[in-house]
Amino acid sequence: EAGVAQSPRYKIIEKRQSVAFWCNPISGHATLYWYQQILGQGPKLLIQFQNNGVVDDSQLPKDRFSAERLKGVDSTLKIQPAKLEDSAVYLCASSLQGPRETQYFGPGTRLLVL
Amino acid sequence: GQQVMQIPQYQHVQEGEDFTTYCNSSTTLSNIQWYKQRPGGHPVFLIQLVKSGEVKKQKRLTFQFGEAKKNSSLHITATQTTDVGTYFCAGRGSSNTGKLIFGQGTTLQVKP
């Protein structure tokens, strides 16, 4: 079974630029999550989708971050404009049905904002 | 809001010694999960505990969920160099969204 795929794996941008990350969850997984992991900290949930609907985006900085999962499968996370404090690993995870099940994480995208 | 705290932040042990990390929540949890993240890697699910006082074992790893469902621990017996990494607990509240709140992790270094 293929795991969660993410691209790109690494990205370096300057502050105020825009960046987008892509995630393809495990086939058949209804729930998709985007986490932000700052160095030395645990992952922090940014947004959770159930199929193509948003379940929780309470910690998403909506003035600069946006995410979509239009067809209920893959998803994109965008930052516009980026700030220095956005430097982190952005992890995508998926679970089969809902949030009470095991979450499978992708390899992450390492973002460095200069 | 709900907070999950883990101690210690770092632990260095000699290979063969035991290791324990502790996790405490500010609120009662519906369940708790444990993940391992190798250096440069991504979190990998280890186990989920649901019941009050539950104890589960995976080879040399023992996981406990407190009676009040507000704390948990992971104990590794006779550590090996392959145990190196950061161990995260992640607690789930009782709300409908079931959002996982991760602790800050305990990074384990094992000296051969």
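The values are calculated or read from the model by the stated rules, or taken from the named source; none is laboratory data. Since this is a predicted model, take the numbers as computed values, not measurements. Cβ placement follows ideal geometry from the backbone for every residue including glycine, while neighbour counts extend to all protein chains displayed.
Structure data summary
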item: The stretch B:74-98: number of residues that are surrounded by fewer than 20 Cβ atoms within 10 Å (Cβ to Cβ), at the interface with chain A (Cβ under 7 Å from one of its Cβ atoms) and either under 11 Å from the mean Cα position of the chain (by Cα) or not small (Gly, Ala, Ser) (or both); result: 1
item: Near pairs, Cβ below 7 angstrom, 6+ apart or cross-chain, from the stretch A:40-52 (within 19 Å of residue B:106 (Cα to Cα)) to any residue that is modelled with pLDDT of 95 or more and of a type in the set (A, V, I, L, M); result: A:43/A:91
item: The stretch B:25-71: number of residues that are in a strand (DSSP E or B) and out of contact with any Cys (no Cβ under 9 Å at 6 or more places or on another chain); result: 18
item: Residue check, residue A:36 in contact with a helix residue (DSSP H, G or I) (Cβ under 9 Å, 6 or more places away or on another chain) and not hydrophobic (A, V, I, L, M, F, W, C); result: yes
item: Qualifying positions in the stretch B:1-16 - part of a loop (DSSP other than H, G, I, E, B) and facing chain A (nearest Cβ under 10 Å); result: B:1, B:9
item: For residue B:101: the one exception among (1) part of a strand (DSSP E or B); (2) within 9 Å of chain A (Cβ to nearest Cβ); (3) modelled with pLDDT of 95 or more; result: (3)
item: Close pairs (7 angstrom Cβ cut-off, 6 or more residues apart or separate chains): among the β-branched types (Val, Ile, Thr) in the stretch B:48-70, at pLDDT below 95 and in a strand (DSSP E or B) anywhere; result: B:50/B:31
item: Filter result (within 12 Å of chain A (Cβ to nearest Cβ) and of a type in the set (D, E, K, R)) within the stretch B:17-45; result: B:36, B:38
item: Residue in the stretch A:54-66 that is touching a Leu at 6+ places or on another chain (Cβ under 8 Å) and among the charged types (D, E, K, R) present; result: yes
item: The listed residue being over 18 Å from residue A:107 (Cα atoms), of a type in the set (D, E, K, R), in contact (Cβ under 8 Å) with a residue 60 or more places away in the chain and surrounded by fewer than 18 Cβ atoms within 10 Å (Cβ to Cβ), out of A:62, A:71, A:15, A:78; result: A:15
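Okay, residues lined up against (1) over 12 Å from residue B:20 (Cβ atoms); (2) at pLDDT 95 or above:
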residue: B:72; (1), (2): no, yes
residue: B:76; (1), (2): no, yes
residue: B:80; (1), (2): yes, yes
residue: B:85; (1), (2): yes, yes
residue: B:93; (1), (2): yes, no
residue: B:112; (1), (2): yes, no
